[in-house]
1. At 1.4 Å probe size, with the rest of the protein present, what percent of the exposed accessible area of the stretch 100-145 is carbon and sulfur atoms?
2. Find how much the distance from Lys130 to Asp91 grows on full extension, using 0.36 nm per residue of separation minus their present alpha carbon separation; answer in nm with one decimal.
3. Students often forget the sequence filter, so: which lysines lie under 22 Å Cα-Cα from Lys90 once same-chain residues fewer than 8 apart are removed?
4. Rolling a 1.4 angstrom probe over the protein heavy atoms, how many square angstrom per residue are accessible across the stretch 105-153?
5. Report the label-to-label distance for Arg169 and Thr115 in nanometres (one decimal), using points 7 Å from each Cα along the Cα→Cβ vector.
6. Each residue of the stretch 106-122 in turn: what ³J(HN,Hα) in whole Hz from Karplus with 6.51, -1.76, 1.60 and θ = phi - 60°, glycine and Pro shown as x?
7. Given a Förster radius of 35 Å and the C-beta distance between Leu151 and Ser63 as r, what FRET efficiency does 1/(1 + (r/R0)^6) yield to the nearest 0.05?
Amino acid sequence: MSYSIRSMSFIALTSCLFVVLMGTPAMSNGSPADGFGLHVQAPHMMADGQVGGPFHHYCKGISAEIIQCLLFPSTDPKAPLVGVEYFVAKDLARKEVPLIKWNRNFHDHEVEIATGRVQILDIDDENKVKEIAAAAAKTDGVIYHLWQPGLKVPDGTVTIPNSVGHKFRTE
């Protein structure tokens, strides 16, 4: 097997980058990765109709109307990022997303929370938990799974699971 100098340089560079990234502590101070401190756990209704998870959602607000969450299958520090979820204020989501698309891809967090399957973790103050749940209930969610269960690597397949207990809107 022969390699050109250019491909050997690329291999060396990517190997060095991999080693550096594996030993780099989490970014801080001004990174978009800062602030994902709200920890929520919930199952998802997967594209194949099976209940998956529960998934650990680490969330932060990015505007007054949108919260974004990073989804992991566990709390292990090396758990792979398997998806993202957006919490969108109901008035915005329902104004901007056509009903047919909303019914296919979105879910009402008030309905999901009412199932009792959602847990807000790492907060001991019950009043704060209720306040967060009440705020989340005013949003709709859309989930994108990027790394499908059972695969050793993400293969480019993106699925849009829904909440367990999802109900279609008619309005």
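The values are calculated or read from the model by the stated rules, or taken from the named source; none is laboratory data. This one's a predicted model, so the numbers in the text were calculated from it and none came from an experiment. Cβ coordinates were reconstructed from backbone atoms using ideal geometry, including for glycine residues, and neighbour counts include every protein chain displayed. Heavy atoms of the whole protein, side chains included, go into the accessibility calculation; ligands, DNA and RNA do not. Shrake-Rupley method; radii C 1.70, N 1.55, O 1.52, S 1.80 Å.
1. Using a 1.4 Å probe with all protein chains present, the stretch 100-145 comes out at 49 percent carbon and sulfur.
2. Extra length from Lys130 to Asp91 when fully extended: 11.9 nm.
3. Those lysines meeting the cut-off are Lys60, Lys101, Lys128, Lys130, Lys138, Lys167.
4. Working: 2950 Å² over 49 residues.
About 60 Å² of surface per residue is accessible.
5. My value for the distance between the label points is 1.8 nm.
6. Coupling constants for the stretch 106-122: 9, 9, 8, 5, 4, 5, 5, 4, 5, 5, x, 8, 8, 10, 9, 9, 6 Hz.
7. 0.60
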